[in-house]
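Take a look at the structure set out below.
Bear in mind that the values in this text are calculations on the coordinates, not laboratory data. Everything numeric in this text was worked out from a predicted model, so none of it was measured. When we count neighbours, we look across all protein chains shown, and the Cβ atoms used for this are built from the backbone with ideal geometry, even at glycine.
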Amino acid sequence: MLDESLLDAPEALAVADRRGLLRGAAEAGARVRTAVRHATEAGLTQLKPDGRPRSILIAGPGTAATCVADLLGTLAGAGCPVIRLAPTGVAPAAGALRWALPGWAGSVDLLLITTPDGTEPGLSLLAEQAYRRGCTVVAVAPARSPLAEGVEGTHGLTVPMATSPYGEFEAPHDGERASESYEARRLEDEAAASTPATLWALLTPLLILLDRTGLITAPVETLEKIADRLDQMAELCGPAIATYSNPAKTLAAELAEALPLIWTEGGLAGPAGRRFAATLAELAGHPALAAQLPEALPAHGALLAGSLAPSADGDDFFRDRVEDAPSLRARVVLLRDRPSDGLTAAPAARELAHGHDIAISELEPETGDELESLAELIAVTDFAAVYLALAPRDRS
């Protein structure tokens, strides 16, 4: 069982949080505001593009880059194909990931590179390849990182990644000491790369860019509302708020001994659900499956009726309920935004789950535009994943 007493002990949570995950979740709104400032200083808000690109290619390591591609693809819809470039392999010498452009990529395509590190040689080589092909390159990466300098050297555009509001790093300029200081900071950033706010630091400048190209609608005013909503969720889901009135702590407690089946419906809930599953695995080592309604019903129907159902053990009378570890059981997590055309599969989802005695956790954001709703869903689920990562299971 989850040690729920730790959830309501802010001081103990702070001691357990060696990776700074709670702070990383709480500072998401501040990261959005800093990212808007950096994008403005880089000239993105005044950009006047000649037209829409034929395609948008996105490359970068980790869960955050995958989520950025997923979200931008959903927002762009049929207006422009958004393609995530997966790593093509590992370089044998350094063991580093490498990427490659599709054979058809050229001067009418846009390459977006997102990374919280900026030292990956594979991404620098990708930027050089794009330059030779004539692709426009925009990178969001730490300032003064090798990638940032390389992109700028090939006439691309780099937006400095928004760092923690608790203090940005200023590299010294005296040779060896500067190199050592940058390396120390790089290692700190690498350790913090998976904190929840990283997504917003990478995503925000690209929302501004695609707004200027006319592919999506994300003016600065909307981004300010996103930052405000993230701040509101940080207050509601913070460690000082008790579990009974904290949606993130409540969700973490409900999922502690469960296999979450994350069912999503409407708008951007699909990418939010897929991010939740990935974040649970990355931060908490907790497995989860995500699917969109109504396809989730046949896709996960056998799981509800199989060994993950509460009734699957037949309530074995001779089972030692004290010594035996609790069995993993399925639990549906229903993330809902605005269902298309006003149609909803939620009643059918509830009926299917209840028919198999499967419990359901539901999250539905407050009113607002789709990006505000997205921010709320991501914030609550990010905090839930963090609490699962921090509160160990009681094995006694």
**Fill in**
Amide H contacts under 5 Å for ASP109, restricted to residues at least 5 apart in sequence or on another chain and with H modeled in the peptide plane, are ARG54, THR136
**Proxy reagent accessibility, fewest Cβ within 10 Å first, across CYS237, CYS135** = CYS135, CYS237
**Asked** How much FRET efficiency would the formula 1/(1 + (r/R0)^6) give for GLU257 and ARG350, where r is the Cβ-Cβ distance and R0 is 30 Å, rounded to 0.05?
**Response** 0.90
**Item:** Cα-projected label distance for GLU41 with ASP17, points at 7 Å along beta-carbon direction, nm
**Value:** 2.7 nm
**Fill in**
Per residue, the convex hull enclosing the Cα atoms of region 242-390 spans a volume in Å³ of 117 Å³
**Complete:** Percent relative contact order for region 1-153, counting Cα pairs under 8 Å at least six residues apart, stands at 17 percent
**Asked** How would you rank CYS80, CYS67, going from fewest to most other Cβ atoms within 10 Å of each one's own Cβ?
**Response** CYS80, CYS67
**Request:** Kindly provide the Kirkwood hydrodynamic radius of region 73-164 in Å, to one decimal, from all pairs of distinct alpha carbon atoms.
**Result:** 13.7 Å
**Asked** How do SER107, SER361 rank when sorted from fewest to most other Cβ atoms within 10 Å of their own Cβ?
**Response** SER107, SER361
**Prompt:** To the nearest 0.05, what FRET efficiency results for ASP3 and ALA281 with a Förster distance of 25 Å applied to their C-beta separation?
**Reply:** 0.75
**Request:** Using a 10 Å cut-off on Cβ atoms, rank the peptides 251-264, 119-132 from the highest mean neighbour count down.
**Result:** 251-264, 119-132
